[in-house]
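The values are calculated or read from the model by the stated rules, or taken from the named source; none is laboratory data. This structure is a prediction, so every number in the text was calculated from the model and none was measured. Cβ atoms come from the backbone with ideal geometry, glycine included; neighbour counts cover every protein chain shown.
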Amino acid sequence: MTAKAPKKFYLSANVEPLDGEYTIVLDGRPVRTPMKTKLSVPSERLAAAIALEWDTQKDIIDLNSMPMTGFASATLDRIQPRRADVVAEISGYAETDLLCYRAEAPVELVERQETLWTPHLEWLAKTHDARLATTAGIAPISQSVESLERIRVVVGQRDAFGLTALHVLTIGTGSVVLGLAVADGYLDAAGAYAAGQLDEIYQAEVWGEDPPATERRAKLARDLADAERFLALQMPEA
């Protein structure tokens with residue numbers, strides 16, 4: 001049975017500073033996450049964006065229209081309490097990163113992968129001193145222990161809110177390289193989507209679009225864009 005969407009029960013949403021962070025309040029009462037944690041974030045800009053999501057709800061609260069609220073709640077309820085596991089999960093993608101497994105044919109797809117994916121691997125090596133090897137086909141390839149450890153360290157340097165966005169970007173694209181590239185500002189979400197979905201987009205060009213797959217890709221593109229925005233809102237306004 002699908003849960004019924006809650007009715008709007010407040011008049012206004014605002015931001016209040018609290019203990020060096022910013023809490024979102026509804027008619028003066030703090031918003032709480034699904035796990036009943038007070039929804040406080042370290043960035044005033046992020047807090048304002050979350051408050052705006054609540055403020056613009058109509059008669060029914062549509063949680064699907066509130067991505068910043070969802071990311072912040074996930075940070076407090078799921079990412080922060082199991083930080084070490086999340087770091088391990090994200091950095092573990094380097095062992096089987098999408099960008100490292102290339103097609104053997106057709107030639108056009110092979111060339112597209114080389115053109116689109118290789119510069120991102122070169123960026124990783126130059127920026128984070130982690131070089132990942134590539135292979136053609138599906139046979140597993142071993143990455144160097146030094147590169148895997150370097151990626152784990154780089155991922156582990158993110159705070160919980162940064163890890164939330166990086167987790168979405170990495171899982172969504174199948175690549176920690178692409179996730180880090182967006183997190184570091186080297187690549188935007190649209191570029192990460194194009195790289196992560198390269199094979200599927202090529203297959204759609206050859207065989208035609210499949211409506212469910214097209215819808216799934218559209219949702220993925222939105223999720224990646226929301227993760228990029230979540231990261232941007234954590235930064236001081238320029």
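Listing for the model above:
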{"quantity": "Residue list for segment 93-109, filter: outside any strand (DSSP E or B), touching a helix residue (DSSP H, G or I) at 6+ places or on another chain (Cβ under 8 Å) and not aliphatic (A, V, I, L, M)", "calculated": "93, 95, 97, 100, 104, 108"}
{"quantity": "Segment 189-203 residues that are at pLDDT below 95, paired with ones that are assigned to a loop (DSSP other than H, G, I, E, B) (beta carbon under 8 Å, 6 or more apart)", "calculated": "none"}
{"quantity": "Elements of type helices (runs of 4 or more DSSP H) in segment 131-238, at least 2 residues being buried (at least 23 other Cβ atoms within 10 Å of the Cβ)", "calculated": "145-156, 160-173, 176-183, 189-196, 211-232"}
